[in-house]
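Peer 1: Take this structure, written in structure tokens, and hold onto it; I'll ask about it next.
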Amino acid sequence: MMFGSRKRSWSLRGAVGGAAMLVALAAAYVSVPAAHANTSIAFQANTGHLWYWSADSGSPDGAGHDLHLGMLEGTSPSIIDNGFVRSNLHIAFQANTGNLWEYTSSSGAGHNRHLGMMPGTSPSVATSGSRETIPFQANTGSLWQWTFAFGGKELGGKLMKGTSPSISAGSADGDIAYHAKDGHLWTTLHGDTGLAMKAGTSPSVNDARSTAVVAFQGHNGHLWLWNGSRGHDLGLAMMAGTSPSISSLDEIAFQGANGHLWTWEGSWDGSGTYLVNDTGLGMMAGTSPGIEPNGNSIAFQANTGHLWLAGPGGNRDLHLGMMAGTSPSITYNAWTSLPAT
């Protein structure tokens, strides 16, 4: 279904068909449209390792990189690139030890932050200049954050079991959205929004303006948008157990109730819809897409178990196998021209 019009036109139709299958994971070099340059994607491979794929600058080919860091089953990483000229990747993830870890491309190594996480949950990462914040659900069920300056700190809120917090990628000091233990959407700056969330799902926040904008699956199974003061039911049915992803331009990617990748574009406060698109691209059950901060491209686990990249420049099977029940994270940096080392 598509209605409305806007300058951006998503042209993503193409079959991602067939039954889900498990493929051997290998570094793959695939043709990537120019629109995907300076894009990096972090994901848990079907080996259980943390991998990232990048559209290496100066080449039409992208490359997959096995970081040889074990992840806990059923969890997903979060990635950001805050480099200038050369990419500087930060990837936060739950290691197979249950601790919060972070990989940085500047060091070429993983770093144990020595903070226990709740099984089945995933961290979120944000940077602003030299500041960095990683919010996560601790193994106590409380909301914690790790910062480079102060280490671990409990923020006080209690999260719903199996859910993960969200922070806007470019706002290390910004609002953190989470699914609280009472079943409502909460943020660290606004408290209880009074809006009930669907069990087993997590919100996604954009803090690019004066107030946070949060996309989430409401208790009725619909895609909702909270604009800092009130919630809007966008009337689009989501697949149970999945979560949306919102860009800094308030574009939202999500798995629709039919198992396809869908996109929504509209006004930041939820009062108007410009474009709704069922891309026709099949997603793996129980997984969620990631949208670039600039809204240009979307990464997702297809119903084949492969990592896919989709956007205005075309859609691609990257031929990299993902772990079942996990989701990718995608970032874009317009200021880089050299790949991460």
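Peer 1: Which condition does I134 not pass, out of (1) of a type in the set (A, V, I, L, M); (2) under 23 Å from G228 (Cβ atoms); (3) in a strand (DSSP E or B), if it passes all the others?
Peer 2: (2)
Peer 1: Given the condition in a strand (DSSP E or B), at pLDDT 95 or above and on the phi > 0 side of the Ramachandran plot, answer yes or no: does some residue in segment 326-338 qualify?
Peer 2: No, segment 326-338 contains no residue that is in a strand (DSSP E or B), at pLDDT 95 or above and on the phi > 0 side of the Ramachandran plot.
Peer 1: How about segment 150-164: which of its residues are outside any strand (DSSP E or B) and either in contact (Cβ under 8 Å) with a residue 60 or more places away in the chain or of a type in the set (G, A, S) (or both)?
Peer 2: G162, S164 - these are the residues of segment 150-164 that are outside any strand (DSSP E or B) and either in contact (Cβ under 8 Å) with a residue 60 or more places away in the chain or of a type in the set (G, A, S) (or both).
Peer 1: I would also like to ask the following. Please go through segment 292-333 and give me each residue that is of a type in the set (V, I, T) and farther than 18 Å from G241 by Cα, ordered by number.
Peer 2: I298, T304, I330, T331
Peer 1: Please enumerate the residues belonging to segment 114-126 that are over 20 Å from P293 (Cβ atoms) and either among the hydrophobic types (A, V, I, L, M, F, W, C) or surrounded by fewer than 19 Cβ atoms within 10 Å (Cβ to Cβ) (or both).
Peer 2: H114, L115, G116, M117, M118, P119, G120
Peer 1: Let me ask something else. Could you tell me whether any residue of segment 260-267 is in contact with a Pro (Cβ under 8 Å, 6 or more places away or on another chain) and touching a residue at least 12 places away in the same chain (Cβ under 8 Å)?
Peer 2: Scanning segment 260-267 turns up at least one residue that is in contact with a Pro (Cβ under 8 Å, 6 or more places away or on another chain) and touching a residue at least 12 places away in the same chain (Cβ under 8 Å).
Peer 1: Among the candidates G282, G272, G313, G290, single out the residue that is on the phi < 0 side of the Ramachandran plot, among the small types (G, A, S) and without any contact (Cβ under 8 Å) to a residue 12 or more places away in the chain.
Peer 2: G272
Peer 1: Restricting attention to segment 138-149, which residues are touching a residue at least 40 places away in the same chain (Cβ under 8 Å) and within 26 Å of P293 (Cα to Cα)?
Peer 2: L143, W146
Peer 1: Still on this structure: Are there any strands (runs of 3 or more DSSP E) wholly within segment 1-96 with 1 or more residues that are modelled with pLDDT of 55 or more and more than 27 Å from T263 (Cα to Cα), and if so which?
Peer 2: Of the strands (runs of 3 or more DSSP E) lying wholly inside segment 1-96, those with at least 1 residues that are modelled with pLDDT of 55 or more and more than 27 Å from T263 (Cα to Cα) span 49-54, 61-70, 89-94.
Peer 1: Then there is this: Return yes when T140 is at pLDDT 95 or above, under 30 Å from L281 (Cα atoms) and not in a strand (DSSP E or B) and no when it is not.
Peer 2: For T140, the condition - at pLDDT 95 or above, under 30 Å from L281 (Cα atoms) and not in a strand (DSSP E or B) - is not met.
Peer 1: Can you list residue pairs whose Cβ atoms sit under 8 Å apart, with the first residue in segment 48-67 being under 24 Å from T97 (Cα atoms) and β-branched (V, I, T) and the second being outside any loop (DSSP other than H, G, I, E, B) and at pLDDT below 90? Count only pairs 6 or more apart in sequence or on different chains.
Peer 2: Filtered contacts from segment 48-67: no entries.
Peer 1: Here are some conditions: (1) modelled with pLDDT of 95 or more; (2) under 25 Å from I167 (Cα atoms). S267 meets all but one. Which one does it not meet?
Peer 2: (1)
Peer 1: Looking at V205, V213, can you tell me which residue is touching a Phe, Trp or Tyr at 6+ places or on another chain (Cβ under 7 Å), under 22 Å from I330 (Cα atoms) and buried (at least 22 other Cβ atoms within 10 Å of the Cβ)?
Peer 2: Of the residues listed, the single one that is touching a Phe, Trp or Tyr at 6+ places or on another chain (Cβ under 7 Å), under 22 Å from I330 (Cα atoms) and buried (at least 22 other Cβ atoms within 10 Å of the Cβ) is V213.
Peer 1: Applying the selection to segment 200-249, what residues are under 25 Å from I79 (Cα atoms) and charged (D, E, K, R)?
Peer 2: D207, R209
The values are calculated or read from the model by the stated rules, or taken from the named source; none is laboratory data. This is a predicted model, so every value here is computed, not measured. Every residue, glycine among them, receives a Cβ derived from its backbone with ideal geometry; neighbour counts consider all protein chains shown.
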